[in-house]
1. Right, residue 91: in a helix (DSSP H, G or I), touching a residue at least 24 places away in the same chain (Cβ under 8 Å) and under 14 Å from residue 35 (Cβ atoms) or not?
2. Please specify each residue of the stretch 1-33 satisfying the condition of being within 16 Å of residue 85 (Cα to Cα), modelled with pLDDT of 90 or more and surrounded by 13 or more Cβ atoms within 10 Å (Cβ to Cβ).
3. Do you know which residues across the stretch 79-88 are in a helix (DSSP H, G or I) and surrounded by 14 or more Cβ atoms within 10 Å (Cβ to Cβ)?
4. Filtering the stretch 39-78 down to residues that are farther than 15 Å from residue 24 by Cβ and touching a residue at least 40 places away in the same chain (Cβ under 8 Å), which residue is surrounded by the most Cβ atoms within 10 Å (Cβ to Cβ)?
5. Identify, by number, the condition in (1) more than 17 Å from residue 32 (Cα to Cα); (2) in contact (Cβ under 8 Å) with a residue 12 or more places away in the chain that residue 108 doesn't meet.
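The values are calculated or read from the model by the stated rules, or taken from the named source; none is laboratory data. If you're wondering where the values come from, they're calculated on a predicted model, not measured in any experiment. Cβ: placed from backbone, ideal geometry, glycine included. Neighbour counts: every protein chain shown.
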């Protein structure tokens with residue numbers, strides 16, 4: 001599995017190869033538990049990206065298998081998820097890495113800070 005270490009744990013930036021959808025889902029869940037439709041709406045609002053059901057549920061499955069999110073008890077037909085402590089740590093590590101790359105790119109383009 002991408003990002004897995006030989007000892008079975010996730011590497012320092014397990015999200016590096018997980019894809020944009022996984023990162024957006026974790027960012028959304030960092031704001032609180034959500035079910036699929038609420039995730040789609042939140043991600044559309046925060047990033048202007050509309051995830052299709054296949055992309056969303058494929059990413060949710062991958063994130064759950066990695067232990068980065070966990071399902072909560074179903075509420076009628078809705079199946080909410082929440083970010084786990086390892087998921088929050090992975091998101092922080094990923095965002096730090098992205099920020100370092102962004103800062104380097106801005107410096108090289110002489111764009112300065114954001």
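1. Numbers: in a helix (DSSP H, G or I): yes; touching a residue at least 24 places away in the same chain (Cβ under 8 Å): yes; under 14 Å from residue 35 (Cβ atoms): no.
Taking the combined requirement at face value, the residue does not satisfy it.
2. Of the stretch 1-33, the ones within 16 Å of residue 85 (Cα to Cα) are 9-15, 22-23, 25-33.
Remaining after also requiring modelled with pLDDT of 90 or more: 22-23, 25-33.
Those that are within 16 Å of residue 85 (Cα to Cα), modelled with pLDDT of 90 or more and surrounded by 13 or more Cβ atoms within 10 Å (Cβ to Cβ): 22, 23, 25, 26, 27, 28, 29, 30, 33.
3. The initial filter retains those residues of the stretch 79-88 that are in a helix (DSSP H, G or I), namely 85-88.
Those that are in a helix (DSSP H, G or I) and surrounded by 14 or more Cβ atoms within 10 Å (Cβ to Cβ): 86, 87, 88.
4. Within the stretch 39-78, the match that is surrounded by the most Cβ atoms within 10 Å (Cβ to Cβ) is 66.
5. Failed condition: (2).
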